[in-house]
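The values are calculated or read from the model by the stated rules, or taken from the named source; none is laboratory data. Since this is a predicted model, take the numbers as computed values, not measurements. Here Cβ is always computed from backbone atoms with ideal geometry, including for glycine, and neighbour counts include all displayed protein chains.
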Amino acid sequence: MQGYIAAMTQELHIIGGGMAGSEAAWQAAEAGTRVVIHEMRPKVGTFAHRTGNFAEMVCSNSFRSDDDERNAVGLLHWEMRAANGLIMAMAHSHRLPAGGALAVDRDPFSEAVTARLNAHPLISSTFEEVTELPDQGNWIIATGPLTSGALAESIRAATGADALAFFDAIAPIVYAESVDMSVAWMQSRYDKGETAEEQTAYMNCPMTKDEYYAFIDALLAAEKTEFHENETAGYFDGCLPIEVMAERGRETLRFGPMKPVGLTNPHNPMKPYAVVQLRRDNKLGTLYNIVGFQTKMKYGAQTAVFKMIPGLQAASFARLGGIHRNTFINSPTLLDDQMRLKSRPNIRFAGQITGVEGYVESAAMGLLAGRMAAAELQGKILPPPPPETAMGALITHITGGAEAKTFQPMNVNFGLFPPIDARGGRKGRKDRYKAYTDRAKDAFTAWLS
């Protein structure tokens with residue numbers, strides 16, 4: 001046993017092989033640290049996962065905007081690439097046309113991440129469920145929002161607080177060949193993209209006013225998943241089910257995922273009242289996901305309601321939507337600025353379980369946790385990136401910048417950054433965002449060096 005513990009102290013152990021765990025393992029191994037990834041899949045499955053691969057994308061196949069000059073998540077992409085990030089490298093290798101977004105062919109992407117990690121001489125993997133927070137060794141908990149019940153209970157016991165939770169939903173995927181292209185058409189909003197393929201990356205299904213209101217009525221009346229007794233249905237605002245958005249007002253969807261702007265219907269000169277967009281989900285172009293259509297409708301209701309969408313009357317679904325419970329901790333009270341659990345500093349947390357939301361944010365926190373853990377094992381302390389950077393803004397938010405009493409999952413956004421000095425006159429929004437990203441790139445480059 002003593003020999004086992006001694007070996008553990010020389011290695012970094014990571015629980016969870018999702019976006020955060022995969023990036024953490026890569027970064028630590030690239031820094032010269034021996035890493036063991038503990039992943040319960042495929043031996044123990046989850047509601048949302050289909051494979052035992054690392055970095056499996058279970059919701060959208062999009063890493064969102066790739067604009068690193070005027071968008072905070074695009075800036076985060078830039079920082080991860082600058083830091084030799086595995087997730088961004090594999091995303092680029094398996095990207096799909098998506099206008100200004102970074103969307104990927106999800107299965108080849110996760111297979112490529114898995115292959116790179118398996119091929120690394122300093123990374124090994126073990127496939128079993130870890131049910132308790134370890135007392136010995138150096139660990140990163142990167143179990144994501146679908147942390148197993150036993151481990152979640154161990155975390156709750158160790159932190160002395162109930163785990164926080166919210167509900168997340170998954171959008172349906174349609175077979176492209178089943179979409180009626182005499183009704184739908186291919187176009188990215190505002191023809192965004194540098195190539196013809198990028199500018200025609202989305203399927204668009206138009207609705208008249210009567211069709212839209214009939215769809216809303218059916219959406220509101222549809223049978224939906226009920227929660228168990230004592231469960232509260234809190235949602236992350238960036239991933240609301242469409243029925244929840246519709247309940248907020250009959251026009252809400254027209255100003256959200258169904259907004260009809262920046263699009264021209266070649267089949268009909270009349271401007272549509274609303275538009276449903278579908279984004280390519282694989283490289284072959286055989287699968288498309290319905291953008292922003294996360295749902296908690298029961299399966300039978302989904303098929304009936306979604307076939308009301310013009311162009312989808314005969315649609316075949318490769319996957320219907322669903323809803324699942326996500327777990328995260330109150331990081332501002334529990335973690336230090338090295339992402340370590342204050343009460344047990346041999347344990348770090350990374351990814352969505354820390355209260356960041358989104359694939360990119362999760363992987364970015366894995367990147368930092370892996371680098372920080374490797375530095376500590378080598379007798380050094382790696383300071384967090386400056387708060388003027390996207391990674392720095394996120395880690396500052398989750399380790400103390402957020403109000404603990406109202407802490408909720410957060411995407412990266414410029415509201416988390418220190419304000420830009422407005423001397424010389426107020427800047428327009430585009431110029432202001434460019435000033436944020438210019439400042440961030442300088443600061444992040446200095447931090448890396």
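Answer with yes or no whether residue 296 is of a type outside the set (A, V, I, L, M), outside the structural domain of residue 62 (by TED's automatic domain parsing), surrounded by 21 or more Cβ atoms within 10 Å (Cβ to Cβ) and in contact (Cβ under 8 Å) with a residue 24 or more places away in the chain. Walk me through it before giving the result.
On the way: of a type outside the set (A, V, I, L, M): yes; outside the structural domain of residue 62 (by TED's automatic domain parsing): yes; surrounded by 21 or more Cβ atoms within 10 Å (Cβ to Cβ): yes; in contact (Cβ under 8 Å) with a residue 24 or more places away in the chain: yes.
Here the answer is yes, as residue 296 does meet what is asked.
For the structure I just gave you, tell me whether residue 307 is of a type in the set (D, E, K, R), under 30 Å from residue 204 (Cα atoms) and touching a helix residue (DSSP H, G or I) at 6+ places or on another chain (Cβ under 7 Å). Talk me through it step by step, then tell me what you get.
Values: of a type in the set (D, E, K, R): yes; under 30 Å from residue 204 (Cα atoms): yes; touching a helix residue (DSSP H, G or I) at 6+ places or on another chain (Cβ under 7 Å): no.
So residue 307 does not fit the description; no.
Tell me, yes or no, whether region 315-337 has at least one residue that is touching a helix residue (DSSP H, G or I) at 6+ places or on another chain (Cβ under 8 Å), at positive phi and at pLDDT 95 or above. Checked region 315-337: no residue is touching a helix residue (DSSP H, G or I) at 6+ places or on another chain (Cβ under 8 Å), at positive phi and at pLDDT 95 or above.
Looking at the structure I just gave you, is residue 253 under 27 Å from the mean Cα position of the chain (by Cα), part of a helix (DSSP H, G or I) and at pLDDT 95 or above? Don't jump to the end; show me each part of the working.
Values: under 27 Å from the mean Cα position of the chain (by Cα): yes; part of a helix (DSSP H, G or I): yes; at pLDDT 95 or above: yes.
In short, yes.
Could you tell me whether region 176-183 includes any residue that is at pLDDT 85 or above, under 30 Å from residue 308 (Cβ atoms) and acidic (Asp, Glu)? Break it down stepwise before answering.
At the first step, the residues of region 176-183 found to be at pLDDT 85 or above are 176-183.
Then drop every residue that is not under 30 Å from residue 308 (Cβ atoms), which leaves 176-183.
Next cut, acidic (Asp, Glu) only: 177, 180.
Looking through region 176-183, at least one residue is at pLDDT 85 or above, under 30 Å from residue 308 (Cβ atoms) and acidic (Asp, Glu).
Please work out if residue 380 is in contact with a strand residue (DSSP E or B) (Cβ under 8 Å, 6 or more places away or on another chain) and free of Cβ contacts under 8 Å to residues at least 12 places away in the same chain. In short, no.
Conditions (1) aromatic (Phe, Trp, Tyr); (2) surrounded by fewer than 24 Cβ atoms within 10 Å (Cβ to Cβ); (3) in contact with a strand residue (DSSP E or B) (Cβ under 6 Å, 6 or more places away or on another chain), marked per residue:
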site	(1), (2), (3)
352	no, no, no
356	no, no, no
376	no, yes, no
384	no, yes, no
388	no, yes, no
398	no, no, no
414	yes, yes, no
420	no, yes, no
431	no, yes, no
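Where in region 46-136 are there strands (runs of 3 or more DSSP E), lying fully within it, with 1 or more residues that are modelled with pLDDT of 95 or more, assigned by TED's automatic domain parsing to the domain that holds residue 157 and over 18 Å from the mean Cα position of the chain (by Cα)?
Details: elements: 62-65, 101-104, 123-126.
Answer list for region 46-136: 123-126.
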